[in-house]
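Comments concern the structure below.
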Amino acid sequence: MAGSDKSGSRSGRLDLFDQAVYFVVGGTTANPKLVQFQNLLSAAHLRWQVISASLHDQLVSEISHVPHVIAVTLVNTIADGLSRNPDALKAAAGGFRDTTRIAASDPTMWTAIMMSNAELINHELSKFQQHLSQFQTALEARDEEEIKNIFKNAQSVRKSLDERK
């Protein structure tokens, strides 16, 4: 699991796959050809993980595909809102830029990805909509405690990502 919003061979970087998870789908790490492949990629310090095809599709829908849809939707929503003042988008700082970086990725590639995993992506989008509705309900009710709990939970989960490296 590695990538960039850039595409093409000129966009490659030496560290692109450094410490990335590399899924071995439906196989075993004891396969001699895989061992040879792992040796070839040893400089990247990949973290190899054997999983089933169905688990792979589920995981990537959750940690890759849905975040991409959310970034794209956020950019399009804000662009619609700023349509009368397009220069206002230039005021966007780190938070917006960090959250939406992947929306600059290749539309052809991402359309193909969406089509190949549509059912699981759609399921995860429904779960996202439920969480968004819960947040909106708390905001409408001005439920500070619930809003803070939502933020605390997200903060804890997000910080755990940095601890895994």
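The values are calculated or read from the model by the stated rules, or taken from the named source; none is laboratory data. Being a predicted model, the structure only gives us computed values, none of them experimental. FYI the Cβ positions are ideal-geometry reconstructions off the backbone, even for glycines, and counts take in every protein chain you see. The accessibility values were calculated without ligands, DNA or RNA, using every heavy atom of the protein model including side chains. Shrake-Rupley method; radii C 1.70, N 1.55, O 1.52, S 1.80 Å.
Looking at ARG101, ARG84 in this structure, which one is open to solvent by 80 Å² or more (accessible area, probe 1.4 Å), in contact with a helix residue (DSSP H, G or I) (Cβ under 8 Å, 6 or more places away or on another chain) and among the charged types (D, E, K, R)?
ARG101
Considering only segment 58-165, give the helices (runs of 4 or more DSSP H) lying wholly within it that have at least 1 residues that are more than 18 Å from the chain's Cα centre (by Cα).
66-81, 118-140, 144-163
Looking at segment 62-79, can you tell me whether even one residue there is closer than 16 Å to VAL21 by Cβ, modelled with pLDDT of 90 or more and among the small types (Gly, Ala, Ser)?
yes
Can you report the number of residues in segment 124-141 which are open to solvent by 100 Å² or more (accessible area, probe 1.4 Å) and either under 19 Å from ASN153 (Cβ atoms) or touching a helix residue (DSSP H, G or I) at 6+ places or on another chain (Cβ under 9 Å) (or both)?
Selection size over segment 124-141: 5.
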